[in-house]
Structures are given as C-alpha cells and as structure tokens.
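The values are calculated or read from the model by the stated rules, or taken from the named source; none is laboratory data. Everything numeric in this text was worked out from a predicted model, so none of it was measured. In this analysis, Cβ positions are derived from the backbone assuming ideal geometry, glycine residues included, and neighbour counts consider all displayed protein chains. Heavy atoms of the whole protein, side chains included, go into the accessibility calculation; ligands, DNA and RNA do not. Shrake-Rupley method; radii C 1.70, N 1.55, O 1.52, S 1.80 Å.
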Amino acid sequence: MAGKPLTELDKPLGRNRPGRAAASSRPWGRWAATGAAALVGTALIGIALVAAIRRDPDGGEPIAVASIEKRAAPVGPQAGTPIAAAEGTSREAASAGDLETSAGVTVYRPDASSAPGSIVITVPDEAGTIKLVPSPDRRLVERSRYGLLPKTAPDGTTPAKAYARPLGPEPSTKPLGRIALVVGGLGISQTGTADAIAKLPPQISLAFAPYGAELERTVQRARGEGHEVFLQLPMEPFDYPDNDPGPHTLLTGPNAPDNPDRLAWALGRFTGYVGVINFLGGRLTADEGALSPILRELAGRGLMVVDDGSSARSLLAPAATRAQIPAVKVDRTLDTVAQAAAIDKELAGLEAMAQERGIAVGAATALPVSLDRLSRWAQTLEAKRIQLVPLSAANSFRNPKTTGSLR
C-alpha cells in the first residue's frame, strides 16, 4: 500500500487537525469568556455586599409610599366641653335618668370584670329601632345543675330592669291611650315562633314556654329584633292531670315540696327574660300557701310577675305585689275564640279600655290567625293616637290614687 494517499477513513484519529499554535493565534475568544465571568462574579459580590449591609428582612417585597398631610383642627367646642356650655345656653340641672328618659337612651353598665369601665348605651335610631342589652350578663346569672339561673346583681340591678325593652322617647303627639301586649306559647312550634318574631312590632312582648329545642338561640333572635321576653311557668289547673300543662308543672298539695326544683328547671331553660307569666295554673294561683314559696324565690331573683288573666280566682298579681315584686295582670285575652272577627272585637274593646284608663294590657297566643290580626291592627294605631308599649312598662302608667286601676 506504499505510495498511495490515505483516504479520510484510513487517516489516524487526530491527524491533520489545526495545531495549538493556530488556536493560540486567536486569543480574543479567551478574553471574552474571561470578561463575562468577571462581570458575573462582580455582580454577585455586589448583591451580597448590599444584602449584608442593609440586612432588610423585607427585601424584595413591594413598597408603597404614602404622604401624611397635617390639617388644621375643625373649629368648635373643645373635647370634653358639655354641649350646653359650648352653645352658651342656660339650662336647669337634670339627673342622668331624666336625660336618658327624655332622649330615649338607656345606659347600662355590664359586668366590670369582663370589660372594666365599659357601658352599653342603647340609642334609638331615626326609625325608632331599639336594641336590647346583651344577655346573659354574668352579674345577673348563677350556675346550677339546670343551667344559668337569673339573680339580682350585687349592685342591686335586676333582670327585670336590665332585660326590659326601653320605653323610648315620647311620641310627638300625646297618645289618647297606651296598650301593652304579650303573645305566648312560643318556642314549641318553630314556624309559629318565627312568624311572631318577624310579623309583630317589637313593642309587643313575647312569652316562651320552657319546652322545645334551641330555646336560647330562638330567644336571643327575638331579643335581637327588639322584643322583650318572658318565661311561661306551667302551673297546676283545676282539672289536672286531665289538663296537663307539661313536665315540671308547679303543683299544690303533697307535691308542693318539689316546686323549688321544678321552678329551677324552668328558670334555667334560657336567659334574658324580664320575668315570668303563668301558663294555666287556676288551682295553684288560687292557693296563696302554695304561691308564697314560689314568689319568695322569684323576688330574690329580681324577676317581674305577670298574671295572664285566665282565672278569675287568681291571687298571683296581688300576692306578688305584697312580696314587693313588680306585677301586672292582663285585662283581656284576645283570642279565646280563635276567629278573625272575634279577635278584632276584643282588640276594639282593648282600645276603648286604653282610652278610658290610659293603659290596657292584652294577651294572645301565637296562633296564625292571632298573629295576622295583631299585625294588621298594629298598623292602624298611629292614626288612632294609641301607643304600643312593652309589658314591662305597664306599671309606670298606673294611677297611684286608685287601687288596681290603670291610668
């Protein structure tokens, strides 16, 4: 094979390639690579130095700059200056209670241990909305085997006063009469209870039976809509047990010693009520001996007592008054006959009584027909110059010069 040129396939690997001398004749390639590496290294060192010097934990986060502009204070009375003094008007000194009543404002001081120095101020807005104070207030409850029971606070505040709906400001035109209404039988039927809360004006008081599920939540919803609430106590009627008000009924005779425990069970069913109202109870309310220990317990707990007026022989209201308990008796039951025409007739009679005496007290149950007639009737009262007031306010309109009559 001597003398023949080598083909590409026969050439040894690596032969006839440009030598190192040829590559070294073009140094610009190495310079470019070295320069790029130097630039990258310099940039990394610079970033590291900046981070080391600043040590900003929020480095890289978005930054916004806001300008703060100082403005001159508005011209007017200095902070803490009484309004009357700032206006330069001379007024006679008035008590805090007078000022609150005239303005429709209620000032209430809750448990100081939970919020030292705090107060709750209930102010009606332009539409006349009144919000009740929250419940339960820890000063006004005590724990028991049956839940939270009401009690009088160490400073003398009672649930009857704290949980009542404020009367609010006087209407611009003097009323010809006032009416207090209570609707009972709530808490058992969810539909009837929801309808009563939604349809009835908040000035109408609501009474809940101690039965039914989720009573606490339902009662607080009613109070949130401005209705003051009462607890219905099941009491022994004349035809018991054929006519049974329900479990834990307060009884007369040999079963009366169990009444304190039965009463505690009922009182612990929910919180935030102003007082109690009897459910049935013709026999018990006619027996002052059986009533006395019950009333002593209610008096110690600072509750109001309402006689529903269902029994002509009832001693509940006068016995409560003798026990120094705020008490009121219902004048007319509106839906004994559960028909629209009969209810309307009773409402007309209640209006006449209110105009004659100054105030009248009515009661109804949460029947659909009753709720419908009451809702319609309430819309006519402004034109008749009759004012709806909470049941807790009825005593404030009594005429002290007469016995048992209302002003």
- Task: Any chance you could check the Cα centroid distance between the stretch 272-336 and the stretch 186-230 for me, in angstrom?
- Result: 21 Å
- Task: Treat every Asp and Glu Cβ in the stretch 298-341 as -1 and every Lys and Arg Cβ as +1, leave all other atoms uncharged, and give the resulting dipole magnitude about the Cα centre to the nearest 20 debye.
- Result: 200 debye
- Accessible carbon and sulfur surface of the stretch 276-378 relative to its total accessible area, %, 1.4 Å: 51 percent
- Roughly how many Å² of Y240 are accessible to a 1.4 Å probe, to the nearest 10? 70 Å²
- Cα-Cα over 19 Å, subset of K329/K384; K131/K161; K199/K345; K131/K174: K329/K384; K199/K345; K131/K174
- Query: Once amide H atoms are placed 1.01 Å from N in the peptide plane, what residues at a sequence separation of 5 or more from D307, or on another chain, have their amide H within under 5 Å of its amide H?
  - Reply: V328, K329, V330
- ³J(HN,Hα) across the stretch 189-195 via Karplus (A = 6.51, B = -1.76, C = 1.60, θ = phi - 60°), whole Hz, x for Gly/Pro? 8, 5, 5, x, 5, 4, 5
- Task: Assign unit charges at the C-beta atoms only (+1 for Lys and Arg, -1 for Asp and Glu), then state the dipole size of the stretch 151-219 relative to its Cα centre in Debye, rounded to the nearest 20.
- Result: 220 debye
- Peptides 283-292, 156-165: what's the order by average Cβ count within 10 Å, highest mean first? 156-165, 283-292
- Message: Highest mean first, how do 383-393, 268-278 rank when packing is the count of other Cβ atoms within 10 Å averaged over residues?
- Response: 268-278, 383-393
- Query: Under Stokes-Einstein, with the Kirkwood radius over Cα pairs standing in for Rh, what whole-number D in µm²/s applies to the stretch 122-269 at 4 °C and 1.567 mPa s?
  - Reply: 75 µm²/s
- Message: At R0 = 30 Å, how high is the FRET efficiency between R145 and Y211 if r is their beta carbon distance? Nearest 0.05 is fine.
- Response: 0.95
- Item | In nm, spacing of pseudo-spin labels at D242 and R376 (7 Å Cα→C-beta vector) | 3.7 nm
- Item | Approximate spin-label separation A342-T129, in nm, with each point projected 7 Å along Cα-to-Cβ | 3.9 nm
- Task: Quote the relative contact order of the stretch 266-407 in percent (integer), defining contacts as alpha-carbon pairs under 8 Å separated by 6+ residues.
- Result: 18 percent
- Just order 174-180, 248-254 by mean Cβ neighbour count inside 10 Å, highest at the front, would you? 174-180, 248-254
- Task: Can you give me the P(r) profile for the stretch 262-384? Cα pairs, bins 5 angstrom wide beginning at 0, each as a whole percent.
- Result: 2, 10, 18, 19, 18, 14, 11, 7, 1, 0
- Sorted by chain and then number, the residues having a modelled amide H within less than 5 Å of the amide H of G177, at least 5 places away or on another chain, are Q387
